[in-house]
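Notes for the one structure printed next.
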Amino acid sequence: MKIIGERLRELRGTVQLSQAKMGKTFGVGQSSIYKYENDESTVPAEILMKYAEYFDVSLDYIFGRTDNPHGLYLENKPKIEKSYPEMDKFIEMCFESGTPMNERLKDTLKQMMREDVSEYK
């Protein structure tokens, strides 16, 4: 990915290190740093981690997912609806159908099953 090479070159430039010195810092040759920066070689995960630690930036920044060096702050909430078909079947069996109150109770229970339980911890 071209953005990775650009970000690595940019980061190295902020501390005015040559490719040779950067390579020595990370235990790789100058030619490897050149190839990473010019998108001629895939940067190993270990080297990406070293860049992130050395420059105190996030991998999100290095990968171009954000222009904020500290990264993206994402909530860990999947964008899928929770589904419990067995529980839905069980709830249906527990209530007599046809009465308005039972229908409301069933709907309420099903909704509770789909809510994020971490909110209640």
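When K24 is tested against the conditions (1) within 25 Å of the chain's Cα centre (by Cα); (2) open to solvent by 40 Å² or more (accessible area, probe 1.4 Å); (3) basic (K, R), the lone failure is (1). On the stretch given as the range 8-23, residues that are in a helix (DSSP H, G or I) and within 15 Å of Y54 (Cβ to Cβ) total 11. Whenever a residue of the range 19-31 is without any contact (Cβ under 8 Å) to a residue 60 or more places away in the chain, its partners that are acidic (D, E), lying with C-beta atoms within less than 9 angstrom and at least six residues away or across chains, give the pairs Q19/E37; F26/E46. So for the range 24-31 (the condition being modelled with pLDDT of 95 or more, among the aliphatic types (A, V, I, L, M) and part of a loop (DSSP other than H, G, I, E, B)), does at least one residue qualify? Yes, the range 24-31 contains a residue that is modelled with pLDDT of 95 or more, among the aliphatic types (A, V, I, L, M) and part of a loop (DSSP other than H, G, I, E, B).
I'm trying to understand the selection: among the residues of the range 50-72, which are under 23 Å from A20 (Cβ atoms) and either surrounded by 13 or more Cβ atoms within 10 Å (Cβ to Cβ) or touching a residue at least 40 places away in the same chain (Cβ under 8 Å) (or both)?
K50, Y51, A52, Y54, F55, V57, I62
The values are calculated or read from the model by the stated rules, or taken from the named source; none is laboratory data. In this text the structure is predicted, and so the values were computed from the model without any measurement. When we count neighbours, we look across all protein chains shown, and the Cβ atoms used for this are built from the backbone with ideal geometry, even at glycine. Protein only, heavy atoms only, side chains kept; ligands, DNA and RNA dropped before computing areas. Shrake-Rupley method; radii C 1.70, N 1.55, O 1.52, S 1.80 Å.
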